[in-house]
Amino acid sequence: MTSPTTPPVAAPTPQSAEESRRQVLYWRLLARLFDPEEQPALETASLAVLEDVGLPAALLDPGASVDSVVQRHPELADEFQDLMVPQQAEESPDDERDRAAEVRRAALVSKVLLNVFATGSGAVSAGQLSRWQSDAGWLERALGCRPGEVRAGRTPGSPPSAGTGTGGPRPTPDLSTLIPQIGPDLAAIEAELVSRMRLREVLADPKLAAGLTPSMSLIEQLLRDKDNLSGIALANAKALIRRFVDEVAEVLRTQVAKATAGTLDRSVPPKRVFRNLDLDRTVWKNLTNWSPEEERLYVDRLYYRHTARRTTPARLIVVVDQSGSMVDSMVNCTILASIFAGLPKVDVHLIAYDTQAIDLTPWVHDPFETLLRTNLGGGTDGTVAMALAAPKVAEPRNTVVVWISDFYEWRGEQLFEQMAAVHRSGAKFIPVGSVTSSGRGVVNPWFRERFKDLGTPVISGHIRKLVHELKNFLV
């Protein structure tokens, strides 16, 4: 009886060997991202791969920053540059691919991604934050940007950074889909690191503070701690708040400019100037004057478009819940109120409240100064805000009251009756559940149902919805 012959095992080809090396590095990357515990087999295999391709073992050291690796091995600086920029559209045939270069690239990509996204837990020192900011800068370089551009939301089409990186020249990256996904994530990681260390220590160091990327979570911390800051720390905190306010204000001004504005006033005759000429309507109305013999249209009458809009002086009263759950809305609405305060014939009043209310109207034109006067946190008692807002409704037909809150109130029934009275007076009452950049927000279902029955459903979603409502009423 003869035993079956075992077929010979083919020796691994150079292509399959390089592919295995690359997979080892990426498996290690995934393991370290999702589990901080070291996997000895993967670490040993990855070290062997680095030795095979001539890369330093420091790339596997989680405590080594990219800066320190580059300082010890300057030749790697060019390889990190544009490392993750997409390849040329025309791909090389399988047998012509530089697989050894792909393994090197996998090792360098793994180092950058782990240093930026595997931040661990526990307390963070000022040195660790500084190192993370540097590593985030290297990630941005790898994406073809300058340090800080991705976190700041670089717009596609801005000048690319110089350098070629591993694998030769690459095209300018299309960041139109990358930035909305990666940029906020990097900013959130930075804010989370700041929350794990002593914020005052960061603010007291001008270099560290200048490297921070303003974000909503960071601004919330600054606003909560502003009364405990002084000197350089307070100055740096104010600079960060103003940077964030200016960035958000620029976006909101664009949204206000693009929103539809009021209704046409057809009681005002159209102005007879060329820019108002309605060419399509003029041609249509004069078609009976067409001369086939001469192939000419004789025009008896010109038609013009109406452009005048009703501009009744209006009063906008914005009431904002400044409890801890409404920080995003507080910041956005403070900035939005200042923009509408700059429009002609719009009288804007701003009130913030928790268990006490404060009239911020004197500072409504300057959202930075307004935010510095807020006190985030505490409970929620809207009746104290209504006591300030109700007397301002002098001419109900020309008044809009915007109330921004999650409506989890201590005296809910009493407050709702006061809101219903404002609505019945003839004023336009707009309850708003959230005016955030993400559009997410939670609203007390008891209030939501009653507002619906009152005929004033809660606006809850992206801030563009509120911009549209306000501009349609005020302009």
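The values are calculated or read from the model by the stated rules, or taken from the named source; none is laboratory data. Please read all numbers here as calculations on a predicted model, not as lab measurements. In this analysis, Cβ positions are derived from the backbone assuming ideal geometry, glycine residues included, and neighbour counts consider all displayed protein chains. Please note that ligands, DNA and RNA were not included when accessible areas were found on the heavy atoms of the full protein model with its side chains. Shrake-Rupley method; radii C 1.70, N 1.55, O 1.52, S 1.80 Å.
Scan region 404-436 for residues that are open to solvent by 80 Å² or more (accessible area, probe 1.4 Å) and at pLDDT below 85 and the total you get is 2. Scanning region 58-81 for residues that are of a type in the set (A, V, I, L, M, F, W, C), under 14 Å from Arg131 (Cα atoms) and part of a helix (DSSP H, G or I) yields Val66, Val69, Val70.
On the given criteria, is Asp328 outside any loop (DSSP other than H, G, I, E, B), of a type in the set (Asp, Glu) and surrounded by 18 or more Cβ atoms within 10 Å (Cβ to Cβ)? Here the answer is yes, as Asp328 does meet what is asked. Each residue in region 438-464 was checked for being surrounded by 15 or more Cβ atoms within 10 Å (Cβ to Cβ) and either at pLDDT below 80 or outside any strand (DSSP E or B) (or both), and 15 pass. As a summary of the residue check, Leu55 satisfies the conditions (1) under 18 Å from Arg131 (Cα atoms); (2) assigned to a loop (DSSP other than H, G, I, E, B); (3) not hydroxyl-bearing (Ser, Thr, Tyr) except for the one numbered (1). For region 397-436, which residues satisfy the criterion of being of a type in the set (Asp, Glu) and either touching a helix residue (DSSP H, G or I) at 6+ places or on another chain (Cβ under 7 Å) or at positive phi (or both)? Across region 397-436, the qualifying residues are Asp406, Glu409. Do we have Asn236 as closer than 29 Å to Asp366 by Cβ and at pLDDT 75 or above here? Against the criterion (closer than 29 Å to Asp366 by Cβ and at pLDDT 75 or above), Asn236 qualifies. Screening Asp381 with (1) open to solvent by 20 Å² or more (accessible area, probe 1.4 Å); (2) closer than 18 Å to Asn444 by Cβ gives one miss only, at (1).
With Ile358, Ile335, Ile339 as the choices, which residue is on the phi < 0 side of the Ramachandran plot and modelled with pLDDT of 85 or more? It is Ile358.
Taking region 209-220 as the search range and keeping residues that are closer than 22 Å to Ala136 by Cα and open to solvent by 10 Å² or more (accessible area, probe 1.4 Å), which one is modelled with the lowest pLDDT? Out of the qualifying residues, it is Ser217.
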